[in-house]
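The values are calculated or read from the model by the stated rules, or taken from the named source; none is laboratory data. Here the structure is a predicted model, which means the values were calculated and not measured. With ideal geometry, Cβ positions are generated from the backbone for all residues, glycine too; neighbour counts draw on all protein chains shown.
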Amino acid sequence: MSGFTAPHCGSIRASDAGRELELYGWVARRRDHGGLTFIDLRDRWGAVQVIFNPTKAPEAHAAASDLRAEYVVRIKGVVGRRPAGSENPRMATGEVEVTASDLEVISVAKTPPFQIEDDTEADEALRLKFRYLDLRRPRMQQLMELRHRVVKTMHTYMDAHEFIEVETPMLLKGTPEGSRDFIVPSRLHPGSFFALPQSPQQLKQLLMVAGLGRYYQIARCLRDEDLRADRVVEITQLDVEMSFCSEEDVFSLVEGLWVQMWRDIFNIDISTPLPRLSIKESLLRYGTDKPDLRYELEIADVSDALRQTGATILKGVLAEGGVVRCLAVPGGSNMHRRELDELAQIARGAGAKGLTWVPGPLDKHLSEGELAAIRGASGAGPDDLVLLVADRRRKAETVIGLLRREIARRRTLIREGEWQFVWIYPMYLFEEDDQGHLTYGHHPFTSPWPEDMHFIDERPYDVRARAYDCVLNGVEIAGGSIRIHERALQERVFEILGMSRERIHAQFGHLLDAFEYGVPPHGGIASGIDRLMMAMARTENIRDVVAFPKTQSHQDLMLGAPSPVEQAQLDELHIQIRPSTKPPR
Ligand code: ASP
């Protein structure tokens, strides 16, 4: 057998006419027509039509009548041009057909649980259980190959810029990236655990202390977080760190990578430098730190114009330090009540107290001047409707940002063909967590904006960070920062984050110690390849770009993982299982 040197089914072209060849592949489809048997023979490169002719090759023709979908076969035959008029322009091999002289069935197949074709209606759970069949679909094969190309470009580009790939361990001590750690019990050290990396963050910084200067890695990162549409528990990042660099160095390195990648993959020239938006501006104008700039719909702040308003709801929110933000819906003045109710529902779902609009029920409480200010600020024309959200700043931003996306989707305002990159920079150093406590924005190793240090104790949330995200079409495709490289400052930030001296020492002593042995200023970035792939493949489902993904409830349906283990294994690890009080998910 030498399928390795045989031509690919999907690569045969008219220029091969007359060639005698051997092909290996899967039967995609069989049909009998006018005494002939036709099959489409498929491999990763595509499919080609094969004909079994009873007069030219009676044995092969007879054997072909047993062929079913997904049988694996070897055929011998001769390439010919299809008769004029029977070409299939939808297939890359549509000008040719292979007339078989010989057929060998290498492996038979049960009827697959779903048809192996691009527009499958099959339920995702079924596709994940039979992922090896799902991956046979041409689209999935293309996505796997695209992913390979993307990573290959990364390797080539990083190497060309003198970065070296260094592998870091999987068994680590926790490094915080804002998620829960996956932990692994140590057999030899009862009661002690390793953490799987949420990212190689501290190790790459230590590689800078080690003098490596420029590091990268295609790194696997594991984050035990609740799954959302664009999250998976196992991610792969292009992880980068470099010494003696500024933000500008990181931007130009990464922009150069995108330029190279879009050229290699789409044959498109991206124009750089990419636009930049501060986080403050991004939240104000787009209501999100991941703005999709493929549509306009800018949000405006009308808090100042409404401070003295007779609309008591708005006035009340403003009096408590909240804000009023608004958004014009193009051509929305004739929007149905039902659609407005749906939008209000979405707003409430995001935690808003309510949603109001102009023209609408509030008009009679608003002065002429206030109405004009609202229309003016939002840029509303006569046919537009203005949505208004009044709430605490962060909440108002989230809610109106969601509405902005929803409106763009419903009114098909998104210019689908565009690639809209933007840097979000600078970011804020701290954020509020779900319980309203102060936490880090990016991670605790991020350098504060030096000019803001003097108010870090009084107004921590206003302190900017030397941190940046790169967003593409509303998807965060990379994020990083210039790091703290001084022990005292790092300790101070840990303390502001509420960590005790003991905890700082126990968790980060190694890093702080390292900072006492000559440390270069350094910074870096990581690009989540899964999310980058989503944006590049224009899919909303992150599982489309991962060969063997977990479900939303963290299961591998194909392997049946996670699964219980033998008692002996638990004993060895000194683990005792307590019955769960929660129902299984
Ligand atoms: N470790 C960060 C992350 O995984 C990236 C970085 O700061 O370089 O998001």
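Tabulated values for the structure
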| item | result |
| --- | --- |
| Condition broken by residue 339, with the remaining ones in (1) in contact with an Asp or Glu (Cβ under 6 Å, 6 or more places away or on another chain); (2) in contact (Cβ under 8 Å) with a residue 60 or more places away in the chain; (3) over 26 Å from residue 280 (Cβ atoms) satisfied | (1) |
| Breaking point among (1) more than 15 Å from residue 237 (Cβ to Cβ); (2) at pLDDT below 95, for residue 135 | (2) |
| Residues satisfying the stated conditions in the stretch 206-223, i.e. within 15 Å of residue 162 (Cα to Cα) and either of a type in the set (Phe, Trp, Tyr) or modelled with pLDDT under 95 (or both) | 215, 216 |
| First in the stretch 264-279 and surrounded by 11 or more Cβ atoms within 10 Å (Cβ to Cβ), second anywhere and polar (S, T, N, Q), Cβ under 7 Å, 6 or more apart | 264/153 |
| Subset of the stretch 184-223 that is part of a loop (DSSP other than H, G, I, E, B) and surrounded by 19 or more Cβ atoms within 10 Å (Cβ to Cβ) - its residue that is nearest to the ligand (Cβ to nearest atom) | 199 |
| Single unsatisfied condition, residue 368 versus (1) surrounded by fewer than 14 Cβ atoms within 10 Å (Cβ to Cβ); (2) in contact (Cβ under 8 Å) with a residue 24 or more places away in the chain | (2) |
| Among residues of the stretch 464-489, those that are more than 10 Å from the ligand (Cβ to nearest atom), among the aliphatic types (A, V, I, L, M) and more than 24 Å from residue 420 (Cβ to Cβ), counted | 3 |
| Residue check, residue 288 of a type in the set (Val, Ile, Thr), in a loop (DSSP other than H, G, I, E, B) and under 23 Å from the mean Cα position of the chain (by Cα) | yes |
| Members of the stretch 41-62 found to be closer than 12 Å to residue 10 by Cα and either small (Gly, Ala, Ser) or part of a helix (DSSP H, G or I) (or both), listed by number | 46, 47 |
| Residues of the stretch 297-313 satisfying the condition of being among the acidic types (Asp, Glu), more than 20 Å from residue 425 (Cα to Cα) and either touching a residue at least 24 places away in the same chain (Cβ under 8 Å) or assigned to a loop (DSSP other than H, G, I, E, B) (or both) | 301 |
| Residue within the stretch 405-420 that is more than 27 Å from residue 510 (Cβ to Cβ), surrounded by 22 or more Cβ atoms within 10 Å (Cβ to Cβ) and within 19 Å of the chain's Cα centre (by Cα) present | no |
| Matching residues in the stretch 232-264 - criterion: being part of a loop (DSSP other than H, G, I, E, B) and more than 13 Å from the ligand (Cβ to nearest atom) | 232, 233, 244, 246 |
| Scan of the stretch 441-462 for residues that are within 25 Å of residue 274 (Cβ to Cβ) and not small (Gly, Ala, Ser), ordered by number | 442, 443, 445, 446, 448, 449, 450, 451, 452 |
| In the stretch 431-463, residue farthest from the ligand (Cβ to nearest atom) [restricted to those that are in contact with a Ser or Thr (Cβ under 8 Å, 6 or more places away or on another chain) and either small (Gly, Ala, Ser) or at pLDDT 95 or above (or both)] | 447 |
| Number of the exception - residue 97 against (1) in contact with a strand residue (DSSP E or B) (Cβ under 9 Å, 6 or more places away or on another chain); (2) of a type outside the set (Gly, Ala, Ser); (3) closer than 30 Å to residue 544 by Cα | (3) |
| Selection status of residue 307, over 33 Å from the mean Cα position of the chain (by Cα) and surrounded by fewer than 18 Cβ atoms within 10 Å (Cβ to Cβ) | yes |
| Candidate set: the stretch 506-530, residues that are over 17 Å from residue 486 (Cβ atoms) and assigned to a helix (DSSP H, G or I); chosen: the one nearest to the chain's Cα centre (by Cα) | 530 |
| Residues that are buried (at least 17 other Cβ atoms within 10 Å of the Cβ) and either away from the ligand (no atom under 11 Å from the Cβ) or closer than 16 Å to residue 242 by Cα (or both), drawn from the stretch 170-183 | 172, 174, 181, 182 |
| Residue that is within 30 Å of residue 554 (Cα to Cα), without any contact (Cβ under 8 Å) to a residue 24 or more places away in the chain, not hydrophobic (A, V, I, L, M, F, W, C) and not in a strand (DSSP E or B), where the choices are 226, 181 | 226 |
| Index of the failed condition, residue 533 passing every other in (1) touching a helix residue (DSSP H, G or I) at 6+ places or on another chain (Cβ under 9 Å); (2) part of a loop (DSSP other than H, G, I, E, B); (3) modelled with pLDDT of 95 or more | (2) |
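Here is a yes/no grid of residues against (1) surrounded by 16 or more Cβ atoms within 10 Å (Cβ to Cβ); (2) under 41 Å from the mean Cα position of the chain (by Cα); (3) touching a residue at least 24 places away in the same chain (Cβ under 8 Å):
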{"position": "28", "(1), (2), (3)": "yes, yes, yes"}
{"position": "37", "(1), (2), (3)": "yes, no, yes"}
{"position": "41", "(1), (2), (3)": "yes, yes, yes"}
{"position": "49", "(1), (2), (3)": "yes, yes, yes"}
{"position": "56", "(1), (2), (3)": "no, no, yes"}
{"position": "65", "(1), (2), (3)": "no, no, yes"}
